[in-house]
Structure formats: structure tokens, C-alpha cells
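Student: Pasting a structure below so you can have a look.
The values are calculated or read from the model by the stated rules, or taken from the named source; none is laboratory data. No experiment lies behind these values; they were computed from the predicted model shown. Virtual Cβ from ideal backbone geometry, glycine too; neighbours counted across all protein chains shown.
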Amino acid sequence: MKQLYFGDCLDVLKELNEKHPAGLVDLIYIDPPFNSKRNYNILFEDIDMKDVKAQREAFADTWSNVSYKDGLREIADLNINLYHFLKNLDKIDVSKSTVAYLTTIAHRLHYMHKLLKETGSFYLHCDPTMSHYLKIVCDLVFHKDNFRNEIVWKRQTAKKGSQFSKKTYGSYNDIIFFYTKTNNYYFNIPLTQLTTQELLKKFNKIDETGKRFRTDNILRNSSLGARPNLVYEYKGYTPDIYGWMVSKEKLIKFDKENRIYWSKNGKPYRKYFIEDYEGKEVSNNWTDIFIAKGSERLGYPTQKPEALLERIIGASSNEGDLVADFFCGCGTSVSVAN
């Protein structure tokens, strides 16, 4: 299934939910407008789509005149807790435009959640303007137990206009919330590769066979607590009350594989060889991907780099899975998924 829809995603979501009540999509990534009070012109404004209201603007990120009451009433029938949260926002002096924005997004999130397969994953890309509200909305739609990560993406390092006021800290990160529909979901942890210099620094020892390696603890410490069943003698060495990190059978196996290193003072360590190193596991702090530049740029103000979508799609989907972006923007997610 490869489809590109032009129009309000709410209509599309409702139609797809009617056709696929058991779920359809493996991964949803959305990068909705951030309530930035700006309008972003569409890139293909010369296309003849005069009958389509959405053709003049890819999205209008101004919300003061948006009518959201109908959506709020529908949410009352769909998710009563979500309804009460949105309905009571004005009691804490939240602006009408913010309530309109959150209601509009929440209404669509409800149907996205329904459209996900039971093994599906969901990523919502936003910025600090609305992230604190959107986190609560996502908790109420996906349930807080299905929250996996708040990813902080450092999109740039150079100063950029008003984002760097002399009276505030520089603002150069976006937020990406990662949720799943259930506990049974696919996830392949992304890895980043080190440079040759970094690898040589990390694997800074060479053994008698000429293999380069690094060492790590094979002895437990006080923070792990005492384990009497892991206190045993091996080659004349007996650890303290905290014991070894592995059973004696596994320790013998490591030793036969030349994976135990004894320091000059007779303390054992586990050996990790450079050829076994697959990469560094990515954390929730992404500082290695920067905004789209050069030939990748399409002139779209909020365009996200392909590397960002490659990481998300690679982590949370398999080949042949169905990936959806219900806001789409300039289509980076569609291009990468394809």
C-alpha cells in the first residue's frame, strides 16, 4: 500500500479506521505544526487544485480563529479523560489558540492510535512551545505505561536570530515523544559508529595474539549488593562478598575464549575485542544529526533531515512494514520510508 492523501488528515483517519478496525499501520511519525503562530506556504502552489481548500498553505500554524468546539464534543464520546483535560485548560489561563491547537491535535491522535497495529509504534515531533501539553495528551491517548522515551534532538549549534536572545539560553532543540500501542512492539536499537581514532582510543590494549581490546569489570561492586552464590575461587583469585558478575561455568568459557584479562596486580577483567564492536547504542539525546542542508534542502521552513527519519524508521519498523505520516510537511518521511 502506497498512498498519498491531500487534505485534512482527520477525514483520512476516520475512513481508514472504518476500513481497518483491527489496525493497519506499523509505525506513525508526525511532525505537526508547533503553534508557532506562522503560516507556511506550500511548495507546489502552481499545481491546479483550486477545489482543494488546503492547496494554498501546507499548514496554517495560527490557531486563534480555529473552531474546535465540534472536535471537543466528539472527543467527549471517544475519551472522557482527554475531554476533561482539554475542557479545563481555560481554567488555568491557557489561551484559546492553545486549546484549539491541542484539541485539533488530540482529535487526530485518537484515530492514529486506533489505526496502529497492536505491535505498532508512534513518534510525535514537537518543540518546547507545546511539548509539555502534548506529553499529557499523548499519555491520555496512548496511556502513560506505553510511553517509551522523550528524545531531545539538538538540531543546530550555530546562533539563529531571535532564538538566541541575550536574556535567555539558546533554543536549538526539538522534542520527539516515542510511544507504543502495547508492550509487544518491534525495536532495533540504533547504533552510531566511532571514527578510527575513537576506536583506537577505546580499544587501547593489545594482547599476546596481536588483537586489540578494551577491558571492563567482571567483578561486582557494593552498588550491586552482596551475592554469596557468586563468590568462588578461580585461578587463585577469590572476590569479596559481592562476587563475580557471572557464574563459574561462564567465567571458564570466557577464559577459554581468551576473554579474561589479568592486570599486573592480579585483578581480573573481561576483555572486549575491537572486531566484535558493532557500534555505540544511541541514547535519547541526539546530537549527531543536523538540519537539512545543501541539495537535501527543499526550501520548506520546518524540513527535517533524512538522517533523522532514517534513524526512527530503522529503529521501529521492518522492511515491508507500513509507515504513515499524517501531517507530511515536505514529505521527508515518505521519501525515507520508500
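Student: When you go through Ile92, Ile105 one by one, which is the residue that is in the same structural domain as Ile291 (by TED's automatic domain parsing) and at pLDDT 90 or above?
Tutor: So the residue among Ile92, Ile105 that is in the same structural domain as Ile291 (by TED's automatic domain parsing) and at pLDDT 90 or above is Ile105.
Student: Another question about this same structure. I'd like the full set of residues that are part of a helix (DSSP H, G or I) and of a type in the set (S, T, N, Q), limited to the stretch 73-95.
Tutor: Within the stretch 73-95, Asn81 is the sole residue that qualifies.
Student: Scan the stretch 217-250 for residues that are closer than 19 Å to Gly266 by Cα and of a type in the set (D, E, K, R) and jot them down.
Tutor: Passing the criteria: Arg220, Glu233, Lys235, Asp240, Lys248.
Student: Next question, about the same structure. Using beta carbons and a limit of 9 Å, which pairs, at least six apart or on different chains, have the first residue in the stretch 197-210 and polar (S, T, N, Q) and the second one not in a helix (DSSP H, G or I)?
Tutor: Sorted first by the residue in the stretch 197-210, then by its partner, the pairs are Asn204/Arg212; Asn204/Phe213; Asn204/Arg214; Thr209/Asn258.
Student: For the stretch 201-223, which positions are under 31 Å from the mean Cα position of the chain (by Cα) and either more than 20 Å from Leu251 (Cα to Cα) or at pLDDT below 95 (or both)?
Tutor: If the condition is that a residue be under 31 Å from the mean Cα position of the chain (by Cα) and either more than 20 Å from Leu251 (Cα to Cα) or at pLDDT below 95 (or both), then Lys201, Lys202, Phe203, Ser223 are the ones that fit.
Student: Give, as residue ranges, the helices (runs of 4 or more DSSP H) completely inside the stretch 229-338 that count at least 1 residues that are at pLDDT below 95, over 24 Å from Arg148 (Cβ atoms) and of a type in the set (Gly, Ala, Ser).
Tutor: Hits in the stretch 229-338: 332-337.
Student: Out of everything in the stretch 116-130 that is modelled with pLDDT of 95 or more and surrounded by fewer than 22 Cβ atoms within 10 Å (Cβ to Cβ), what residue ends up being farthest from Asn17 (Cα to Cα)?
Tutor: Within the stretch 116-130, the match that is farthest from Asn17 (Cα to Cα) is Thr119.
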